[in-house]
Amino acid sequence: MATTGVNPSIAALEQAGFASWPAAEVIDDGAWHIRLAPSLPYKRTNSINCLDQTDGKNAEQRLASAIAHFKTAGVKPTLRTTPLTPQDLIKACSTNDWSRPYSESLVMTAPLQSEFNHGAFERFDAPVPEWIANYKALTMNQDIDGSAITSTLKAIEKPVHFFQIASPDQCLGVAVAVVQAKLVGLFGLAVAKPARRTGLGRALSHAALAWGADQGASTAWLQVEADNRPARQLYQALGFTERYRYAYRSFIGQ
């Protein structure tokens, strides 16, 4: 099996993740990145992140400042913990004012394989209204602000591609691929219930990763919730292996 690729650093994968799903506002405090998107109820775009495990100086004071930014924006303060999160910051959140870690997810990587193929899918280089409607129908609560998700999708750094396949009656599957440097990220993969376990998710993944290879990427990456066993099995079958994990802690104090 012909493959290419490198083992990217955790920091590179984190940066690719930020660029691939941008927040409306980012406040930097050293290596701490406070990401805010009040119109979207996503933890990743409303969280405190850090890219340097040694940047824990004055953690309690800086955490209090970050909490203030969240409160001003009307968003619940949330810490996203990765292997790069300083121990001093984790310690500052290990109080009764913060929840226990939850929503554990895996970041997985794979070398791109020459066997990935494009398949017969509709492809767009921008999030057209039809694709956004299908994406919402398959992946999200319909009460989510449509203009906010549209703005987020349009803000993704190019190159980016949007994939879908539909029957005469409904959309059967969607996916997003984003290339950052030599990395192609696979996002938003969703398959309608009637089409699950038919190989469509695998085919969509192939198409997205084949497009990424065409853009010069050599390594694929994605994020998947730890308890999503079917998705993990699919990605493992495609050659993905775990690179690291992350989880969240929410502020529950006053």
Total residues in segment 56-90, condition in a strand (DSSP E or B) and on the phi > 0 side of the Ramachandran plot = 0
Filter result for the condition that a residue is in contact with a Pro (Cβ under 9 Å, 6 or more places away or on another chain) and free of Cβ contacts under 8 Å to residues at least 60 places away in the same chain, over Gly74, Gly30 = Gly74
In segment 134-183, what residues are exposed (fewer than 14 other Cβ atoms within 10 Å of the Cβ), modelled with pLDDT of 90 or more and more than 23 Å from Ala220 (Cβ to Cβ)?
-> Lys154
Report, ordered by the first and then the second residue, all pairs with beta carbons closer than 7 Å, sequence separation of six or more or different chains, a first member in segment 11-22 that is within 18 Å of Ala175 (Cα to Cα), and a second member that is open to solvent by less than 20 Å² (accessible area, probe 1.4 Å) and in a loop (DSSP other than H, G, I, E, B).
-> Ser20/Ile156; Trp21/Thr45; Pro22/Ile156
Looking across segment 171-190 at residues that are in a strand (DSSP E or B) and not hydrophobic (A, V, I, L, M, F, W, C), the single one that is farthest from Ala16 (Cα to Cα) is Gly173
Could you list all residues from segment 191-233 that are over 16 Å from Ser20 (Cβ atoms) and part of a strand (DSSP E or B)?
-> Val191, Glu225
Among what's in segment 40-61 and is modelled with pLDDT under 95 and touching a Ser or Thr at 6+ places or on another chain (Cβ under 8 Å), pick the residue that is surrounded by the fewest Cβ atoms within 10 Å (Cβ to Cβ).
-> Lys43
For segment 91-109, enumerate the residues that are surrounded by 13 or more Cβ atoms within 10 Å (Cβ to Cβ), out of contact with any helix residue (DSSP H, G or I) (no Cβ under 8 Å at 6 or more places or on another chain) and either acidic (Asp, Glu) or assigned to a strand (DSSP E or B) (or both).
-> Asp97, Trp98, Ser103, Glu104, Ser105
Under 30 Å from Ser218 (Cα atoms), at pLDDT 95 or above, surrounded by fewer than 17 Cβ atoms within 10 Å (Cβ to Cβ) and among the small types (Gly, Ala, Ser), is that true of Ala64?
-> no
In the set Ala226, Ala203, Ala220, Ala192, the lone residue that is surrounded by fewer than 18 Cβ atoms within 10 Å (Cβ to Cβ), closer than 27 Å to Ala110 by Cα, at pLDDT 90 or above and touching a strand residue (DSSP E or B) at 6+ places or on another chain (Cβ under 9 Å) is Ala226
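The values are calculated or read from the model by the stated rules, or taken from the named source; none is laboratory data. A quick note: this is a predicted structure, and the numbers were derived from the prediction, not measured. No Cβ is skipped: glycine too gets one built from the backbone with ideal geometry, and neighbour counts run over all protein chains shown. Heads up: the accessible areas ignore ligands, DNA and RNA and are worked out on the full protein's heavy atoms, side chains in. Shrake-Rupley method; radii C 1.70, N 1.55, O 1.52, S 1.80 Å.
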